[in-house]
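Heads up: the structure comes next, in C-alpha cells.
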Amino acid sequence: MDADVSDSPGTPSEPDRPDDSDRPDHDHSAEDGPADGAQDASGTDPEQDATSGPAPKDDAAQGDDAAQGDGTWGERPPRDPQGGRRHWLRWTALAASFLVLVAAGAGWWLYRKLDGNITTDTSAAEELKAYEKERPRPIARDAQNILLIGSDTRSGDNSAYGRDDGGSQRSDTTILLHLAADRRSATAMSLPRDLMSEIPSCHTPGGKATKKQFAQFNWAFELGGTACTIRTVEKMTGIRVDHHMVVDFNGFKDMVDAVDGVDVCLKEPVDDADAHLKLPAGRQKLDGEEALGYVRARKSIGNGSDTERMDRQQKFLGALVNKVQSNGVLLNPTRLYPVLDAATKSLTTDPGLDSLRDLYDLVRGMRNVPTEKVQFLTVPRKAYHADANRDELVQPDANRLFEQLREDEAVTVVPAEEIKSGDSQTDHSSGTDTSGDTGASPTPAPTYSGSNAADDLCGS
C-alpha cells in the first residue's frame with residue numbers, strides 16, 4: 001500500500017519496519033527500481049508520475065478498484081459525515097437571505113406607500129413663520145401640543161354629507177391634544193365651533209388679508225385655514241401649538257372600519273337623514289359610515305345641542321383609542337397596517353409630522369399611556385350673553401385650565417354626573433374648594449367634567 005505523503009513539516013514518522021538491506025536475499029541492484037512505497041528525490045511517487053505511468057484515476061474509479069480488491073476502500077479518504085449537513089445549511093442560508101431581501105423590499109414598498117399618503121401643509125408653516133414674534137414660547141420641555149382639526153368640507157368625496165358651496169373649508173371639530181412630557185398622560189381639550197373668539201388678521205388661500213374680528217371660532221378655519229386657526233387658539237390659550245393634523249370625513253370612516261368597528265349604546269332609536277344615520281336602540285357595533293353619522297348627528301340624539309355632540313364625539317374617540325390599545329393593534333403589523341393606511345390617507349400635517357417615521361415616533365410615545373389617563377374635556381364655557389346660540393369662556397376657569405396645560409400640570413377629569421352629585425370635592429366651574437374647609441390651605445386644582453378612554457360607552 002502506498003505510503004501517506006504530507007507537505008506539512010513535523011509529520012510523525014512511520015513506525016519502524018524491518019530494514020530490507022539486512023535480509024540475505026535482498027537484491028541491491030538499482031535495476032529493480034524503487035521498492036513499494038519509495039519516493040524519488042522530489043518526494044513524488046514515481047508510479048504516479050504522468051510520464052512513467054497511467055494517469056491517476058478519479059474517485060469513482062478508485063472506489064471501484066478498491067471494491068474489487070479486499071473489500072476495503074483503499075486509500076480513498078473516508079466520507080465526511082457533516083458534508084451533507086453543510087450542503088443543506090448553505091442552501092438554507094441562501095433561501096433565508098432571499099426571503100429577507102423579499103421581506104425588506106416589501107417592507108420598503110409599504111413604508112413608501114404609507115409615507116406617500118400623507119399630505120404636507122407647507123402654506124400654514126410659511127404663514128406661521130411670518131408671525132413667529134407674536135406666537136407664545138414653549139414652556140414645558142418635551143411636552144407636545146397638537147391641534148387636531150376635523151375638516152367639514154363638502155367638496156370631493158365628502159360631497160355626500162352636505163351641499164358643496166364651492167369647496168370652502170370648515171372645521172367641524174377642533175381638539176387641542178396635550179401630551180405630557182413624561183408621556184404618562186394625554187389630555188384632549190375640545191374647542192366649540194360656536195365659541196366667540198378673537199380672530200386675528202389672516203391671509204386667505206388667495207393671499208388676501210382678512211380683518212381682525214370677534215366671531216365664532218370656526219370662522220378662523222374658513223377664513224384663513226389651518227394657520228389662522230392655530231393663531232386663534234394660541235391667542236386664546238397662550239399655549240404654543242407644536243404640530244397640527246387635519247382629518248377629513250372619509251379618513252375617519254376608514255379608521256373605524258380598520259379596527260372592525262366600535263361598540264356604542266343608544267337609549268333610543270335614531271333616524272337622522274342629515275347624518276345618514278338610522279339605528280335601533282341598544283348596544284351595537286358601528287361601522288365607519290355609521291360612526292361618522294353618530295358623531296355628526298346633532299338634532300336627532302339627546303337635546304340636539306352642540307355641547308352634547310362634542311361630549312359624544314369625545315367618548316367615541318376614547319372608545320376608538322381603547323379598541324386600538326386593547327386589541328393589540330399597535331403591536332401587530334398585520335392589524336396596524338390598515339389603520340395606518342386609513343389614517344395617513346386622510347391626514348394633512350405640518351412638515352414636522354409629514355413622514356411615517358414622525359408619526360410612528362409620536363404613536364410610540366403614546367403607546368404606554370394608560371387608557372384611563374387619555375382624558376377628554378371641553379373648555380369651560382357657557383351661553384354667550386348676547387346670543388344664546390353661541391358660547392363664551394367661563395373665567396377664571398378657562399384660564400386656569402390653559403395654565404395647567406401650558407405648564408404641563410396634571411389635569412383631573414371626572415364624569416359630569418360625579419361633579420353634579422357632589423362626589424368631587426372641587427367644583428370645575430369655579431375652581432374653588434367646595435369641601436367646606438375654611439382654613440388657609442391652598443386652593444386645590446379644579447376638577448373638570450369629561451371622560452377617558454377606559455370608559456365604556458354603554459356604562460358597563
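When ALA291 is tested against (1) in contact with a Ser or Thr (Cβ under 8 Å, 6 or more places away or on another chain); (2) outside any loop (DSSP other than H, G, I, E, B), just one condition goes unmet, and that condition is (1).
Among the numbered conditions (1) modelled with pLDDT of 90 or more; (2) surrounded by fewer than 16 Cβ atoms within 10 Å (Cβ to Cβ), the only one that TYR111 does not meet is (1). The single condition from (1) modelled with pLDDT of 75 or more; (2) open to solvent by less than 50 Å² (accessible area, probe 1.4 Å); (3) outside any helix (DSSP H, G or I) that GLY167 fails is (1).
Inspection of the range 377-384 finds a residue satisfying the criterion of being in contact with a Leu (Cβ under 9 Å, 6 or more places away or on another chain), among the aromatic types (Phe, Trp, Tyr) and at pLDDT 90 or above. Among the residues of the range 214-232, is any open to solvent by less than 40 Å² (accessible area, probe 1.4 Å), among the aromatic types (Phe, Trp, Tyr) and over 30 Å from the mean Cα position of the chain (by Cα)? Yes: the range 214-232 contains one or more residues that are open to solvent by less than 40 Å² (accessible area, probe 1.4 Å), among the aromatic types (Phe, Trp, Tyr) and over 30 Å from the mean Cα position of the chain (by Cα). Counting only helices (runs of 4 or more DSSP H) that fall entirely inside the range 323-427 and contain at least 1 residues that are open to solvent by 70 Å² or more (accessible area, probe 1.4 Å), among the aromatic types (Phe, Trp, Tyr) and within 22 Å of ARG183 (Cβ to Cβ), the qualifying elements are 356-366.
The number of residues in the range 198-218 that are of a type in the set (Gly, Ala, Ser) and assigned to a strand (DSSP E or B) comes to 2. Under the condition of being under 26 Å from ASP391 (Cα atoms), among the polar types (S, T, N, Q), free of Cβ contacts under 8 Å to residues at least 24 places away in the same chain and open to solvent by less than 60 Å² (accessible area, probe 1.4 Å), the residues counted in the range 262-308 number 1. Determine which single condition VAL262 fails, assuming it passes every other condition in (1) in contact with a Ser or Thr (Cβ under 8 Å, 6 or more places away or on another chain); (2) at pLDDT 90 or above; (3) among the hydrophobic types (A, V, I, L, M, F, W, C). Among (1) in contact with a Ser or Thr (Cβ under 8 Å, 6 or more places away or on another chain); (2) at pLDDT 90 or above; (3) among the hydrophobic types (A, V, I, L, M, F, W, C), VAL262 violates only (1).
When we screen SER151, SER185, SER123 for residues that are surrounded by 14 or more Cβ atoms within 10 Å (Cβ to Cβ), farther than 30 Å from GLU409 by Cβ and at pLDDT 75 or above, the only hit is SER151.
The values are calculated or read from the model by the stated rules, or taken from the named source; none is laboratory data. None of the values given here were measured: they were computed from a predicted structure. Every residue, glycine as well, gets a Cβ built from its backbone with ideal geometry; the counts of neighbours run over all protein chains shown. Protein only, heavy atoms only, side chains kept; ligands, DNA and RNA dropped before computing areas. Shrake-Rupley method; radii C 1.70, N 1.55, O 1.52, S 1.80 Å.
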